[in-house]
Amino acid sequence: MQSFVDRFRAQATRARQAQSRVKALERLTPLSAAHVDSPFTFGFRTPDRLPDQLLHLEEVSVGYGDKNILRAVTLNILTGSRIGLLGYNGAGKSTLIKLLAGELQASAGQRTEAKDIKIGYFAQHQLEQLDHQASPLLHLQRLDPRATEKDLRNFLGSFAFQGDMATSPIGPLSGGEKARLVLAIIVYQKPNLLLLDEPTNHLDLEMRHALNMALQDYSGAMLVVSHDRHLLRTVTDSLLLVAAGRVAPFDGDLDDYRRWIREQDKENTAGKQDKAPGGRKQQRQADAAQRQQSQQLRGKLQKLEQQMAKQQEENGRLQTQLAEQSLYDGSQQQRLQDLLTQQNDGQRRLAQLEEQWLESSELLERLDDAANPPAS
């Protein structure tokens, strides 16, 4: 991030984004201390090949069946490109990612990829494409049969898949744990182009932080779709706006994008009110419903925070008991096993609570942004 600020702060076209990075850097110092005990220690390994130009789209149209979602898209992805995709839900961001990943074929135009391209594609549907009867270790062994079990276990350990968790079927795992495994599989393959469609949706706070730090050190190219604005601020250098069937550079930062969204919403609301009788009354009702939803979310967040605090206290109590030397003299094996089971259950429960808290917090933030836009 500091490198980006140093390079682009004086350029008019990047000054706003550079200023966003300055603010993000100011927040990193207090944040880093909170993550010092993170169980995640992974980083992206240097890709085997880094071609200058990885992927090129020339006047491409793409969609589903006879309906084009995007039209006349021209895009050049170079090594070092770090692009965030913006746009309303349903505007075509995921469609563009699928086109770049090769999962969708262009209906017009040309998609050209480098000979040595190696794509790492993350999307939510891939969680269900995992083999639920296989373990994390077996998933990697299928990718690299010649790797030693020790090396693969060490790699999985950096993603907190340790002990029995590394060798047990993944079926019972939470959505966050499966997302973590998909990311581990991607990292292991050393891609030179990352296509990330909402990569943090199911991840807990510690894994989000670890992924953020790993992406900042990544040497290939990336395109990211995410509602996590902190992630977009800290890992992307340029922004593309997907809107009205087109893909174009967005001249501004995420604060400018929020203002753009607000203006679009105002125009759409005004148009609907002009066309529909009783439109203003309906808008007042919609505003009241939004306020009620915000109030309910705040109550939910408060309850989740209480549950998280209680679970953290319980996890700490179990950790204290597990530190007793007498547990490991061979005479208390059953008690040790019971405590380890309780610890595993407690950690999983805490991860689930954190996931719910993150989802609710992001929804509340979006509601508050819509109700209280920043000053222009």
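Rule-based calculations on the coordinates, nothing more; no lab input. No experiment lies behind these values; they were computed from the predicted model shown. Cβ sites come from the backbone with ideal geometry, for glycine too, and all protein chains shown count toward neighbours.
For this structure, a couple of remarks:
- Residue pairs, from the table 178/303; 93/190; 118/190; 67/98, whose Cα atoms sit over 18 Å apart: 178/303; 93/190
- For peptides 174-187, 153-166, 105-118, sequence by mean Cβ density within 10 Å, most packed first: 174-187, 153-166, 105-118
- Kirkwood estimate for segment 125-194, i.e. one over the average of 1/r between Cα atoms, Å: 12.1 Å
- Karplus (6.51, -1.76, 1.60) ³J(HN,Hα), θ = phi - 60°, over segment 42-52, in Hz, Gly and Pro reported as x: 8, x, 6, 7, 5, x, 5, 9, 9, x, 4
- In sequence order, segment 87-101 has phi-based couplings of x, 4, 4, x, 6, x, 4, 5, 4, 5, 4, 5, 4, 5, 6 Hz under the Karplus curve 6.51 cos²θ - 1.76 cosθ + 1.60, θ = phi - 60°, and Gly or Pro positions carry x.
- Long-range HN-HN contacts of residue 69 with modeled amide H, under 5 Å: 62, 63, 64
- Backbone phi angles across segment 207-219, fed through the Karplus curve with coefficients 6.51, -1.76 and 1.60 (θ = phi - 60°), yield HN-Hα couplings of 5, 4, 5, 4, 5, 4, 5, 5, 5, 5, 9, 5, 9 Hz in residue order; Gly and Pro are listed as x.
- Here's how it looks for residue 239: its modeled amide H is under 5 Å from those of 84, 250, which are all 5 or more places away or on a different chain.
- Calculated FRET value between residue 219 and residue 264, using beta carbons and R₀ = 51 Å, to 0.05: 0.90
- The alpha carbons of segment 279-371 stretch over 74, 15, 14 Å along the principal axes, in descending order.
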